[in-house]
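First up is the structure itself, then whatever we jot down about it.
Only the coordinates and a few stated rules stand behind these numbers; no lab work does. Computed from a prediction, not measured in an experiment: that's the story for all the values here. Heads up, the Cβs are rebuilt from the backbone with ideal geometry, glycines too, and the neighbour counts pull from every protein chain shown.
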Amino acid sequence: MWVVFALLAALFACLTMVLAKVGRRGIAVALRPGIVLAVVLVAGCAGKLGHTHKPSLANENWKISYTIHRVTEAPPLTCDWHDPAWQGAETAELTYVHPTSSFPRPKVAVRLLHDDRYIYGLFQVHDQFIRAVYIGYQAPVSRDSCVEFFFQPDVGPGYFNLEMSAGGSYLFHYVSRYRHRGKVKVDRSVVAEAYGRMLTVKTTLPERIEPEIEEPLTWYAQFVIPVAVLEAYCGKIDSLGKRTWRGNFYKCGSGTSHPHWIAWVPLTKRNFHLPECFGTLTLE
């Protein structure tokens, strides 16, 4: 900023000298080149001083990482957060809450493991106003009390999204292309039911929850994803070990009485289909 003040001071001194030499007549002609030059210099300096470089959100999101540790035995399908099989897993907490979310806001954590051929996951959800009315495979469960895992393997052009309601119904898609033209648009491949049923999803609440459970309670959602299912859409993966993927974890309930949108990696807008908002998933 001192550079701008110095230029203004120099301009004032120049004006004083010109006035002394030429008087009032012809002053406009005499000053015109100097004024133009000074304005250009001041504007240029102010522009540079006012510009602050900010790293893109996409670059910052790469720094948010989660390590999926390798195990030799599959965790039991019990939705037990405290089972010893899960104690070696890292815990990712979903702390970003979109400002349009209502209160109260659920508290959510997730753990992942793998054994080279399967990905194992377990969500813990401290929730309230819980509902599950959309039943069956590929039902629009994001409108219910729902947790989601989006992940992009290091092979193939797209990413998968697994969405699971508190009642255990789930949706599974592969998004092969991504476009952004005013609105976020995706081209989804619905994972065929023959493949989708190869996944395992288990929760601790009844399949249908209606009316809503208004009291606070904690529920769990456990899932198992076979690599063979992924390979049918993204291409050959082989072993899961020593790979770097990208992804995000979510909690939502857009059709509940208290809608909310919560994520592990911060979002630039209220939309989960934002690959630039994926963090790093390191498979051990």
Counting only residues 5 or more apart in sequence or on a different chain, those whose built amide H sits under 5 Å from that of Arg243 are Leu283
Considering amide H positions built from the backbone, and no H for Pro or chain starts, which residues 5 or more places from Thr67, or on another chain, come under 5 Å of its amide H? Thr282
Least to most buried among Cys234, Cys252, by other C-beta atoms within 10 Å and fewest first, runs Cys234, Cys252
Farthest toward the dipole's positive end in region 57-283, which of Tyr220, Asn271, Tyr170, given Cβ charges of +1 (Lys, Arg) and -1 (Asp, Glu) about the Cα centre? Asn271
Checking the table Lys202/Lys251; Lys63/Lys269; Lys107/Lys242; Lys107/Lys251; Lys202/Lys242 against a 21 Å threshold on Cα-Cα, which pairs fail? Lys107/Lys242; Lys202/Lys242
